[in-house]
1. Once amide H atoms are built 1.01 Å from N in the peptide plane, which residues 5 or more positions from T167, or in another chain, come under 5 Å H to H?
2. If you put +1 on each Lys and Arg Cβ and -1 on each Asp and Glu Cβ, how big is the dipole of the stretch 85-198 around its Cα centre, in Debye rounded to 20?
3. With a cut-off of at most 15 other beta carbons within 10 Å, and DSSP calling the residue loop, which chymotrypsin sites (Phe, Trp or Tyr not before Pro) in the stretch 1-70 qualify? Please list them.
4. Which of T40, T167, N143 sits farthest toward the positive end of the charge dipole of the chain, with +1 on the Cβ of Lys and Arg and -1 on the Cβ of Asp and Glu?
5. List the residues whose amide H sits under 5 Å from the amide H of H104, counting only those 5 or more places along or on another chain, with H placed 1.01 Å from N in the peptide plane.
6. With a cut-off of 8 Å between alpha carbons and a minimum separation of six or more residues, what is the relative contact order of the stretch 44-146 in percent?
7. Counting heavy atoms of the protein chains only and a 1.4 Å probe, report the per residue accessible area for the chain as a whole number of Å².
8. Quick one: Debye curve from the alpha-carbon atoms of the stretch 119-198 only, equal weights, vacuum; give me log10 I(q)/I(0) at q = 0.15, 0.17, 0.18, 0.27 Å⁻¹ to two decimals.
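The values are calculated or read from the model by the stated rules, or taken from the named source; none is laboratory data. Because the structure is a prediction, the values reported are computed rather than measured. Glycine also receives a Cβ, built like all others from the backbone with ideal geometry; neighbour counts cover every protein chain displayed. Just so you know, the surface numbers come from the protein's heavy atoms only, side chains and all, with ligands and any DNA or RNA stripped out. Shrake-Rupley method; radii C 1.70, N 1.55, O 1.52, S 1.80 Å.
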Amino acid sequence: MYEGIIQDLIDELGRLPGVGPKSAQRIAFHIIQSERVDVTRLAEVLKTVKERVKFCTICGNITEEELCKICRDPRRDNTSICVVEESKDVIAIEKTREFKGKYHVLGGAISPIDGIGPDQLRVKELINRVTTEESKEVIVATNPNLEGEATAAYLVRVLEPTGVLVTRLASGLPVGGELEYADEVTLGRALKGRRQVS
Ligand SMILES: [Zn+2]
């Protein structure tokens, strides 16, 4: 245990995802030994990102504007919506260059253990979009793990009354994994080979 502010810094860094106690200590000492100007810049970015970044009012993707870049793009196909858990999944699918529609970011996946149910996710907003936009297909691209599958099953059920075609990414993605770790070729193939589930 270190004294005062040094331990506070290590504790804060240790709360970040993927940062264990050893890494937190290493980063803390890196910051302590860095030039003041570099640390100030980092602190400014941290502060500004919280002030500026918000969620797209249509799809829930992160953006600095009212609408995200994809929702603002008139060349994107309005008839298909790809549903993902997080904004980072939008990036993963964009990298495949196989999808020209719009997205819907749920903000997570159903996980009873973590107290996350459909009400904590942007499900109502999705149903609202499907019924008011010219949607023909909803591609459910939640992660191929337990929570992602539970979320997909739930979405299929609640989307059924809307009559929209619901598809799911093809298998081939590593089971139990996450979209962001799938390589572009595998993810692109899973997207092209998507199957109807509704
Ligand atoms: Zn958007």
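1. HN-HN under 5 Å from T167: V138, I139, V140, V197.
2. Working: 15 positive and 18 negative charges, 98 e Å.
My answer is approximately 480 debye.
3. Values: sites: Y2, F29, F55; in loops: Y2.
Here the sparse-neighbourhood loop sites are Y2.
4. T167
5. Residues meeting the amide H criterion: C82, V83, V84.
6. Across the stretch 44-146, relative contact order equals 27 percent.
7. Values: 12360 Å² over 198 residues.
Result: 62 Å² per residue.
8. Scattering profile of the stretch 119-198, log10 relative to I(0): -0.54, -0.68, -0.76, -1.30.
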